[in-house]
Amino acid sequence: MKNKFSLIAGLLLITLTSIVSCSRIDLAVNLANSYITNKVDGYFDLTRDQTSWLREALSRDIDHVKKTIFPQLASEMLNAADTLSSRSTIDSAFVYTSYKRLENLFYQGLRIFTPNAVLFVEKLSPAQIAYFQKEFDKKAADLKEEPQKKDYDKMKKHFDSWMGSVTSNQKKEIKNFVSTTPPTAQEAVYNRQKMVYHFVNSDQSARKNYVQKLFTSYESLREPGYAKIAEAKTRQVTGFVTSMLNRISPDQKKTLIDTIRDRANQLINISKG
């Protein structure tokens, strides 16, 4: 749960993931539209009319996600909390399967945005496509800088968010895992560059078809080599998370379970709004 026209797709996935990780999900949902619109504007230099249209389209689609995806996410999270509560230890299969079930729901949420994503492409001028390529090239280098530090910061932030502050020993374990796990930033950048190339160098009809596929079967557009590396990384991470969860303190476990249930109930309440 992280190319830049997969920009909108990626932003939406990141936003959905971030929303679930926030202690105040309602605030995150309220800010999602502005966050995505501002990021898209940064890559495409939108006109005022395009910005207005995008905000309205996102508002409708986010509302649909709230009503259809949020209850399903909540159900998965509550089931996970019950499992954690009833078991003294868990295995990596449970963590991996739980992750994949949530990931599948995120991709279901992404599909909701497909029609408006295709309409958005129709509104882009050749100059905006060129601007996008330029902005992507400038930012792609950032993805390669200090990948292990970024991985450590991201992982620590997630642990802190769900089970409270990690201990000094747990920080060392996270650092050790990150330092001994090969980074995938280089492969990720290459994968995104290939996707951007297809988007930028297609005519409008092919570009629309590409974007539709991007939103409906995102993973199928990955380079096969990168898809294999990404899957291996997922299994490594879920294995490490399993190891950590089986050794957290009783207080941390209680905080984790309470946090999962709290955020699940927030999702349920928002879905009814």
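Quick note: the coordinates plus some simple rules give every number you see, no bench work behind them. The model shown is predicted, which means the values in this text are computed figures rather than measured ones. Here Cβ is always computed from backbone atoms with ideal geometry, including for glycine, and neighbour counts include all displayed protein chains.
Lysine pairs in the range 55-156 with Cα distance under 26 Å, only those 8 or more apart or on different chains: how many are there?
Taking the range 55-156 as the scope, the lysine pair count is 21.
Report the dimensions of the chain along its three principal axes from the alpha-carbon atoms, largest first, rounded to Å.
For the chain, the Cα extents along the three principal axes come out at 57, 44, 27 Å.
Multiply the residue separation of Lys213 and Ser59 by 0.36 nm, subtract the distance between their alpha-carbon atoms, and state the gained length in nm to one decimal.
53.2 nm
What do the square roots of 5 times the Cα gyration tensor eigenvalues come to for the range 155-273, in whole Å, largest first, as semi-axes of the equivalent ellipsoid?
36, 23, 10
In nm, give the distance between the simple-model label positions of Glu231 and Thr68, each being 7 Å from the Cα along the Cα-to-Cβ direction.
Once both label points are built, they end up 2.8 nm from each other.
Calculate for the chain the 222 nm mean residue ellipticity that helices alone would give, adding -39,500 (n - 2.57) per DSSP H run of length 4 or more and normalising by residue count, nearest 500 deg cm²/dmol.
Computed mean residue ellipticity for the chain: -28000 deg cm²/dmol.
Below 12 Å, Cα to Cα, which aspartates and glutamates can Lys171 reach? Residues fewer than 8 away in the same chain don't count.
Output for Lys171: Asp153, Asp160.
Given that compact globular proteins tend to follow 2.2 N^0.38 Å, what is the ratio of the alpha-carbon Rg of the range 55-160 to that value?
1.48
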